[in-house]
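Values quoted throughout were computed directly from the atomic coordinates according to the rules given, and no laboratory measurement underlies them. In this text, all values refer to a predicted model and were calculated from it rather than measured experimentally. Every residue, glycine as well, gets a Cβ built from its backbone with ideal geometry; the counts of neighbours run over all protein chains shown.
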Amino acid sequence: MWFDMRREDLGFVERAPVTHIAEASLPAGRVAVFDALADAGGWPRWFPNVRAASYTTPPPHGVGTIREARVGGTRWVEEMIAWERGICWGWTVTGASVPFAAAQVETFALADAPGGTRVRWTIAMEPRLLAILARPFTAHTIPRLFARAMENLTTYLVRPEGERP
């Protein structure tokens, strides 16, 4: 079954009924972090439970690009709404295989930090019943998931280019 979701813009982050924010610092420059985030095919190598991710629109990629992802046993279709190299990358979910939200926007904001980059992940949503019921679990899971993803991404980024899987 497929569930259509309402497209939203970046302003949704400020007006969404539910927002989750997680932050971490990475020992890599903003452009390197951004490039890893924007590399759809790289996500399974460092973000937990991402089985596959790819762009379905041809390059060059940027705002308006469509990405499809398989996360655990779910599928997601996302439209890029922010693509500022080294600064911000984000999407609105347009469809999902689970009825989790009526609308959802995710952003990764990047800022200089001592020794690297501060990454701020924001998930903004208008939850459906499934997300409302999962909220106590989600509040604890998202920060741990993000911390693990950033640890994995750090390991991925500090490997020499030729040694990356």
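Just a few scattered comments:
- Binned Cα-Cα distance frequencies in the chain - 5 Å width, integer %: 2, 9, 17, 23, 23, 16, 7, 3, 1, 0
- Summed over qualifying helices (DSSP H, 4 residues or more, each -39500 (n - 2.57)) and divided by its residue number, the chain shows a 222 nm mean residue ellipticity of -9000 deg cm²/dmol.
- Long-range amide H partners of VAL18 with built H, under 5 Å: MET125
- With at most 15 neighbouring Cβ atoms within 10 Å, loop trypsin sites (Lys or Arg not before Pro) (DSSP) excluded, longest segment of the chain: 86-165
- 5 angstrom amide H check on THR94, placed H, neighbours 5+ away: VAL77, GLU78, GLU79
- Net charge dipole size for the stretch 3-163 [Lys, Arg +1 and Asp, Glu -1 on Cβ; Debye, nearest 20]: 420 debye
- Nonlocal amide H pairs with THR65, under 5 Å, H built at 1.01 Å: MET80
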